[in-house]
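The values are calculated or read from the model by the stated rules, or taken from the named source; none is laboratory data. Predicted model, so just to flag it, every value in this text is computed and none were measured. Side chains included, ligands, DNA and RNA excluded: accessible areas come from the protein's heavy atoms. Shrake-Rupley method; radii C 1.70, N 1.55, O 1.52, S 1.80 Å.
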Amino acid sequence: MYFDTHAHLDNQQLSPIVEQVVQRAAAAGVSRMTAIGTDVPTSVRCVEITEQFEHVYAAVGIHPTVCQNFVADEVWPAIVEMASHPKVVAIGETGLDLHWETSTFELQKNWFQRHIDLSFETGLPLVVHMRDCETEIVTMLEQAAVAGRIIGIMHSFTGSAETARRCLKLGMYISFAGMVTFKKSDELRSVAASIPDDRLLIETDAPYLSPHPLRSKRPNEPSYLVHTAACLADVKNISPERLGAITTANARRVFQC
Ligand code: NI
């Protein structure tokens, strides 16, 4: 049994067919998943989906690549309110993104700190997006850790072994998506091999980047998680069943579900 820790089920390619998507996932052994919001409407939709399926959970937050579109005073109260919903198990997707440059770095840091504070207040873990900002994000998390205990997930991890080590030291979990299955990802697979069993997570990041050998298939969906699981089982030299048991236990621990 597998737990997809990161799927954008609200996405327009998945939301209208969410029943089939969840059914296909269950048939493939992906029995649990967390639907990840990226702003207020998508977070609302994710929460709505959790009410339809017993083993689907949600994360609520404002993504760093869209935060410039919102005024905090107007949208943040809705995120805070949703965070107390019984099926909401995490705060995010949040983080930093220096790739797209859709907003200033100062603004992104401000929003990220807001999510960190809410994580401290609620005890819910952070779902952290990191792109082209390894040093900046780890530095910010380490500084935040002075004020409280960081709990969270580095999602779709593509960073260095050193970044992973620093995140692990903070107590965070490291989640791998389809990219780890790609032919050219030897280095990322060696990072995955270095993650202790009790901190390893798997995800699809659906509908984005399907895993090998379904790379050309779109949209990606939670049932495809089995391919990422098989790859990581290989990396870890254990059976896919064992990999599933380990990562599902980790996901249920971090999400407290
Ligand atoms: Ni995402």
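Just so you know, the Rg over Rh for segment 1-75 is 1.02, from Cα atoms, with Rh as the Kirkwood radius. Cross-linked pairs LYS183/LYS217; LYS109/LYS183; LYS87/LYS109; LYS109/LYS169; LYS184/LYS236; LYS183/LYS236: Cα-Cα separations exceed 23 Å for LYS109/LYS183; LYS87/LYS109. Stokes-Einstein at 10 °C, 1.306 mPa s, Kirkwood radius from Cα pairs: D for segment 1-144 in µm² s⁻¹? In µm²/s, the coefficient is 103. Determine, at each q value in 0.07, 0.14, 0.17 (inverse angstroms), the log₁₀ of I(q)/I(0) that the Debye formula gives when each Cα of the chain is one equal point scatterer. Computed log10 I(q)/I(0) values: -0.20, -0.88, -1.35. On the chain, 50 percent of the accessible area sits on carbon and sulfur atoms, based on a 1.4 Å probe. Protein heavy-atom accessible surface, 1.4 Å probe, per residue over segment 2-255: 43 Å².
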